[in-house]
Amino acid sequence: MGILLKKKERELVVPGEEIIKSMDYLPGRNCFREGDSIYAKRLGFVSINGRVISVVPLSGVYIPKTGDMVIGEIKEVQPTGWIVDIKAPYDAYLPLAGIKEFIDTTKTDLSRVYDIGELIYARVASVSGTSSVHLSMHDPRCKKFKSGRIIRINPTKIPRVIGKMGSMINLIKTSTKTRISVGQNGMIWFEGENEELVAKAIKLIEKQSQQEGLTDKVSELLKAGSKGDKNEKD
Amino acid sequence: MKLQTQYLIRLAEKGVRGDGRKGEEYRKIEIEKNTIAKAEGSAKVKIGSTEVVAGVKMDVGEPFPDKPDEGILITNAEFSPIASPEFETGPPDEDAIELARVVDRGIRESGAIDMKKLCITPGEKVWMVFIDIHILNHSGNLIDAAALAAVTALKHTKIPEYDGEKVDYENKTKPLPLVHLPVTVTTAKIGNLYVVDPDLEEEDVMSVRLTVTTKEDGNVCAIQKSGPDGLLLEEVEKIFKLSIKKGNEIRKL
Amino acid sequence: MKRIDGRKEDELRPIVMKAGVIEQADGSAFVKFGNTSAIAAVYGPRSLHPKHLQIPDKALLRTVYSMAPFSTTERVKPGPSRRSIEISKVTRYALEPAVFLEEFPKTGIEVYIDIIEADAGTRTAGINAASIALADAGIPMRDLVAAVAVGKINNNYIVDLCGKEEEQTLCDMPVAYMPRTKQITLLQMDGDITLDDATKLIKLAIKKCEEIYEIQKQALKKRWMG
C-alpha cells in the first residue's frame, strides 16, 4: 500500500478521479469519500500527509478562510464599518470594532480612516456559514497601503510565492530590498528599490508553480536581475 | 420549506406519498372536449387541481421549403400569472418554452397528424396548425396535462372550409387527420421512490424527473430529462416501462 | 453499414479537446467533434446579482448556450431563441449533478457555451466543453460529464451523428453521462423507436461517453503537465 501511495503523491488528478480505494486513509482538503474510495474533488496534485489525502488545486477563485491575510479595496463606507472587495465570491465587512484606533462616529467621518478605493492589508477575522466574511485590522501586519504597487495572481499559487516557512518570499525580499505583503486572495503588494524584478519573479512563480527546482530558477532570475541593475548604476 | 421536504422524503422511504397516492397512481384526470366554440378544436384537462386548456387554431400559409407538401405545426405555451404566484408576465420563460417544445415533439415525432393530408397546393399552400396551451392552475405536472389537452384538442379539431382564397371559420366539417395518440407520462424521483404525476409539493422536492411520450404501439416518441440530478440506466429502463403502462391507461380515457 | 462520412457505426468523429483557451475566464475549454466546435467559459463562483437570485444554501449554476450567427448554413439570428433557451436549461441540468454547489452558498457559477461551427451534436459538444471548463476553473466536482448523441438509420445504431445523418435518422438522442457515478444527466429523444431501441441506444451512448471522458481527462492533464 505504501509503495502504491508513493506513486500517487504529486500525481495530477481531475475531479471525480479515484485516488485510492482504502478505508485506512482520510479524505482531506479537496477530496471526498464515497464507499471505500477517496476521490479528488478538484483538479490538482495529490498530497499525502500521514493518513490524510488531499488535493492541491491548480486553479480556482479565492475562498476566504479565518486567519488569512488578504489585500482588499474599500468599496463602500457604511455608518459603522466598511465593505471591502477581497476578490472573493463574497464581499467582506470590516466593522468599526475591527480597527485599532478608537473612532467617535459622531465626530469623525469614517471615510477619513479608510476611503473608497483605498487598499488595506487585513486579517480574515471570521467566516460564518452563511457566507459573511468579517475582517479585522488587529494584527501587527495590518496596514493601509499609501504607495507602492499591486499585482494579482491566481490565489492557488500563493503558497508557492510564500514558499516553505516563507523561504521563497524572504529570498525575493532580501535580494531585491523590497517590502512585500502577500494576500492569500492572490493580491500582492510591494514597494522598494527593484519593483520590476519582484514582479518578474512573482510572474515566474505563477507560470511555473508546479515545476521542479522553482527556487533555483527564481534565485537565478533575481541574481541576474540585480547584477543588471548594478551595471546600469555603474 | 425544509421541514416539508424532509417529511416528504421520509414518507417516500416508506413508499408513501404526501397525498396518500401510490407511486404509480395519477391524480383524478378529467377531460372536457370542445370547451371553446371559436377554436377549431379545444380541450380542458384537469389532473387533480392542475388545470390546462389547449386550443387549436388553423390557417392557410406557405409550407417550409424543405417540406413543401406538408402542413405546419406550431406549439406555444403561456404560463399566465393567474395560474401561480410563481408565474410572471412577459415572454415565455424557459419552463414554458421547454413544456411547449416537449409537447410539440411528442405530437410531431409520433406522426400523430398526417401532415401530408394538410397540403393544399404543394410548395404554395398548406394548413398551419397552431396549438396554444394555456395554464389555468398550476398544481404540478403541467407537462402531462398540457400534452393530454393538446392531443385531445387535436382529436376534436375540425378543419374550416377553404375556397382557395378565404378561410371560412363558420363552416368546419372535416376532422383533422389524426392517426396516432401520443401520451406523455412524467415520473419524478423523490428519495428512492418513483412517482408518476408529481404534484406541486413533490415537484419542489424531487431531484430528477423523466418525461416519456409513447404511442399506442408502445413506441417511444419523445424523452426529456429534467431536474438537478442524474438517473442510472436501470432507473431509466424502469421509468420507460412505467411510462408505457400508464400511457396505455390514460389513452383509454 | 458504411456511413455518409465513411465512419463505422460506433465511431466518433475526429475529436479535439483543449483546456484553458480563454485567459480572462476562470476556466475554459475548446471542443471539436468533426465540424462541430464549441467553446465554453466558466466564471465564478462569484457574487450574484440581482440579490433575489441568490440561493441561501448553494450556488446558482447558470448556463447560456448560444450559436454564432455564422455557425450554420442559414445565418442564425443573434440572441436567445426558443431552441437555445431549452438547450441552456437541459445543459444546466446535465452539469448540475456534477458540481458541489453547496460549497458556495449565495454565489453564482456561470457557464457560457458558444457554438462556433455547427454540424449536429452541438449541445453535447457544449456539455463536453463546459465540463472541462468547470474542472479547469477549479470548481469542486463529483465527476466530469461526457456527452454524445446517438441515433438509428436503417436498423443500425449510430453514434455522434453529423448534420446529414441528423436529417435521415429515425431518432436523435443526446445523452450526457457521469462515468464514475454511472448517472445519466441529460437524456432527450425525438423520434419513433421501440423501447428496445431506446434502451440499446442509451447503452451505446454510455459506452461512447466513457471514451469521451478519457479524452476530457487527457485535455485537462495536458494543460497542466505541459
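Equivalent ellipsoid of the protein assembly as shown: semi-axes from √(5λ) of the C-alpha gyration tensor, largest first, are 55, 29, 25 Å.
Remark: segment B:242-247, residue by residue, has Karplus-estimated 3J(HN,Hα) of 4, 5, 5, 4, 5, x Hz, where x stands for each Gly or Pro and the curve is 6.51 cos²θ - 1.76 cosθ + 1.60 at θ = phi - 60°. Distance between the pseudo-spin-label points of residue A:108 and residue C:9 (7 Å out from Cα toward the beta carbon): 8.1 nm.
Can you tell me which of A:38, A:169, A:150 moves the most in a GNM of chain A? Springs connect C-alpha atoms under 10 Å apart. Highest fluctuation among the options: A:38.
Evaluated at q = 0.23 Å⁻¹, the base-10 log of the normalised Debye intensity for segment A:149-225, with identical point scatterers placed on the Cα atoms, takes the values -1.05. When the Gaussian network model of chain B links Cα atoms closer than 10 Å, the mean-square fluctuations of B:130, B:64, B:79 top out at B:64. Normalised by residue number, the volume inside the convex hull of the Cα atoms of segment B:136-253 is 141 Å³ per residue.
Both radii were evaluated on the Cα set of segment A:2-57; the Rg over Rh quotient, with Rh as the Kirkwood radius, amounts to 0.90. Only DSSP H runs of four or more residues enter the estimate; each adds -39500 (n - 2.57), and after division by the residues of chain B the mean residue ellipticity at 222 nm equals -8500 deg cm²/dmol. Adding -39500 (n - 2.57) for every DSSP H run of four residues or longer, then dividing by how many residues chain A holds, sets the calculated 222 nm ellipticity at -7000 deg cm²/dmol.
Give the percent of DSSP beta bridges with both residues in the protein assembly as shown that are antiparallel, rounded to the nearest 5. The answer is about 90 percent antiparallel.
Using Cα springs under 10 Å in a Gaussian network model of chain C, which residue among C:150, C:16, C:159 shows the largest mean-square fluctuation? Top of the fluctuation ranking is C:16.
In terms of its C-alpha gyration tensor, segment C:81-196 has a prolate overall shape, because the principal axis ratio a/c (a ≥ b ≥ c, square roots of the eigenvalues) is not below 1.5 and a/b outweighs b/c. Tell me whether chain A comes out rounded, prolate or oblate; compute the Cα gyration tensor, take square roots of the eigenvalues as a ≥ b ≥ c, and use a/c under 1.5 as the rounded threshold. It comes out oblate by the Cα gyration axes. Excluding same-chain neighbours fewer than eight residues apart, the lysines reachable from residue C:164 by a Cα-Cα span under 25 Å are B:67, B:116, C:2, C:8, C:32, C:77, C:152, C:200, C:203, C:207, C:208.
Our coupling estimate for segment C:10-22, obtained by passing each phi through the Karplus curve with A = 6.51, B = -1.76, C = 1.60 and θ = phi - 60°, is 9, 9, 6, 6, x, 10, 10, 9, 9, 9, x, 10, 10 Hz, Gly and Pro reported as x. Considering segment A:50-144 at the alpha-carbon level, its Rg and Dmax are found to be 14.9, 57 Å. Selection among A:128, A:116, A:83 by position relative to the dipole of segment A:69-145 gives A:128 as farthest towards the positive end (Cβ unit charges, Cα centre). Charged side chains reduced to their Cβ positions (Lys and Arg at +1, Asp and Glu at -1) give segment B:141-196 a dipole of some 320 debye around its Cα centre. A simple rule links phi to the HN-Hα coupling: the Karplus curve 6.51 cos²θ - 1.76 cosθ + 1.60 with θ = phi - 60°, which for segment B:121-136 gives 10, x, x, 10, 10, 9, 7, 9, 10, 9, 9, 10, 10, 10, 8, 9 Hz, with x for Gly and Pro.
From the largest down, chain B spans 63, 37, 30 angstrom on the principal axes of its Cα atoms. Helix C:122-136 and the longest principal axis of the C-alpha atoms of chain C enclose an angle of approximately 40°. The C-alpha atoms of chain C define a longest principal axis, and helix C:195-225 lies at about 50 degrees to it. Could you tell me which of B:135, B:212, B:37 has its Cα farthest along the dipole of chain B towards the positive end, charges placed at Cβ (Lys, Arg +1; Asp, Glu -1), taken about the Cα centre? The residue sitting farthest along the positive end of the dipole is B:212.
Classify chain C: rounded, prolate or oblate, from the alpha-carbon gyration tensor (a ≥ b ≥ c, eigenvalue square roots; a/c under 1.5 rounded; otherwise prolate if a/b is larger than b/c)? Verdict is prolate for chain C. The angle between the Cα long axis of helix B:94-109 and the longest principal axis of the Cα atoms of chain B comes to about 60 degrees, rounded to the nearest 10. This model, with +1 at the C-beta of Lys and Arg and -1 at the C-beta of Asp and Glu, gives segment B:1-151 a dipole about its Cα centre of some 720 debye. The magnitude of the dipole of segment A:2-57, with charges of +1 and -1 set on the Cβ of Lys/Arg and Asp/Glu and taken from the Cα centre, is near 180 debye. The three principal axes of the Cα atoms in segment B:1-133 give end-to-end lengths of 60, 32, 30 Å, sorted in falling order. Selection among B:4, C:218, A:66 by position relative to the dipole of the protein assembly as shown gives A:66 as farthest towards the positive end (Cβ unit charges, Cα centre).
Laboratory data are not the source of any read-out in this text; all were calculated from the coordinates shown. Please read all numbers here as calculations on a predicted model, not as lab measurements. Don't worry about glycine lacking a Cβ; one is built from the backbone with ideal geometry, like all the others, and counts go over all protein chains shown.
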